[in-house]
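Novice: Below is one structure. I have some questions about it.
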Amino acid sequence: EDQVTQSPEALRLQEGESSSLNCSYTVSGLRGLFWYRQDPGKGPEFLFTLYSAGEEKEKERLKATLTKKESFLHITAPKPEDSATYLCAVQGTSGTYKYIFGTGTRLKVLA
Amino acid sequence: DAGITQSPRHKVTETGTPVTLRCHQTENHRYMYWYRQDPGHGLRLIHYSYGVKDTDKGEVSDGYSVSRSKTEDFLLTLESATSSQTSVYFCAISESGEIQYFGAGTRLSVL
């Protein structure tokens, strides 16, 4: 069964304190792994797509990496405006366009 | 911002009443999706559409129906609302099967 597990559930960081969020997955053939940011009361906002192990993508203070079993979202020198819930999702190659979402990591960056 | 609008944004209704949520897009994307988001669960797919009049069930489709008579509109109907359908509902769109845009969500309360 396809599954996505994100850890930790919640994370509090001081401004400038770098850290990583984890997304572990099992899927029968990976079409893509996706990261989204969600602010309270809003819809998810797309950040990155990763397709194969070893791939990395960066955007401002965020860097996403992918292995065959997990993905990391590294946050370098975070700022309070990086506070949000970060969602991970996988899409398998089973012939449909269905995503499996994790429950997210709630990140709070303190000034 | 992508042209995707959900209506209504908030709704309170009573058990047993029918409810229709609307998703409207101006991006001419082929795929449209309805998800629900509940605490402790990742986003869960209710139904999706891969073209006008072409729809398929997701993992939590019981009690829901959908229709897509035009490319731009995807309707989600709860035929007889139940308290278990209290949730936040998100519409999403994609052109290639990779979801990059979500709507702002509809918060539904069934009393």
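Novice: How many partner chain Cβ atoms sit within 10 Å of a residue's Cβ in peptide A:99-109, on average, as a whole number?
Specialist: 3
Novice: Just for the protein assembly as shown, what percent of DSSP beta bridges are antiparallel, to the closest 5?
Specialist: Bridges in the protein assembly as shown that DSSP calls antiparallel: roughly 90 percent.
Novice: Pop out the ³J(HN,Hα) list for region A:52-64 in order, Karplus 6.51 cos²θ - 1.76 cosθ + 1.60 with θ = phi - 60°, rounded to Hz; leave Gly and Pro as x.
Specialist: 8, 4, x, 6, 9, 9, 10, 8, 6, 8, 10, 9, 10
Novice: Where a ≥ b ≥ c are the square roots of the eigenvalues of the C-alpha gyration tensor, would you call chain B rounded, which needs a/c under 1.5, or, failing that, prolate if a/b is larger than b/c, or oblate?
Specialist: Prolate, since a/c reaches 1.5 and a/b exceeds b/c.
Novice: Rounded, prolate or oblate, given the Cα gyration tensor of region B:35-99, with a/c below 1.5 counting as rounded?
Specialist: oblate
Novice: Which lysines, on any chain, are close to A:K68 with Cα under 19 Å apart, when same-chain ones fewer than 8 places away are left out?
Specialist: Hits, sequence-local ones excluded: A:K57.
Novice: Which longest run of chain A has no exposed loop site in it, a site being GluC sites (Glu not before Pro) in a DSSP loop with at most 14 other beta carbons within 10 Å, and the site itself not part of the run?
Specialist: With GluC sites (Glu not before Pro) excluded where exposed in loops, chain A gives A:61-111 as its longest stretch.
Novice: Could I ask something else about it? If I model a spin label as a point 7 Å beyond the Cα along the Cα-Cβ vector, how far apart are those points for A:Y51 and B:T86 in nm?
Specialist: Taking the two extended label points, one gets 4.4 nm.
Novice: Continuing with the same structure: Based on DSSP, what percent of beta bridges with both residues in chain B are antiparallel, to the nearest 5?
Specialist: Percentage antiparallel, nearest 5: 90.
Novice: While we're on this one: Assuming a ≥ b ≥ c are the square roots of the Cα gyration tensor eigenvalues, decide whether chain A counts as rounded (a/c under 1.5), prolate (otherwise, with a/b larger than b/c) or oblate.
Specialist: It is prolate, given that a/c is not under 1.5 and a/b is the larger ratio.
Novice: Pull up the cross-link candidates among the lysines for B:K53, meaning alpha carbon to alpha carbon under 23 Å and not fewer than 8 places away within one chain.
Specialist: List returned: A:K98, B:K70.
Novice: Need one number: nm distance between label points at A:K79 and A:E15, each 7 Å from Cα along Cα→Cβ, rounded to one decimal.
Specialist: 0.9 nm
Novice: Roughly how far apart, in whole Å, are the Cα centres of region A:63-85 and region B:31-107?
Specialist: 27 Å
Where a number appears in this text, it was derived from the coordinates with a stated rule and is not lab data. Quantities reported herein were computed from a predicted structural model and do not represent experimental measurements. All Cβ positions, even for glycine, are placed from backbone atoms using ideal geometry, and neighbour counts span all protein chains on display.
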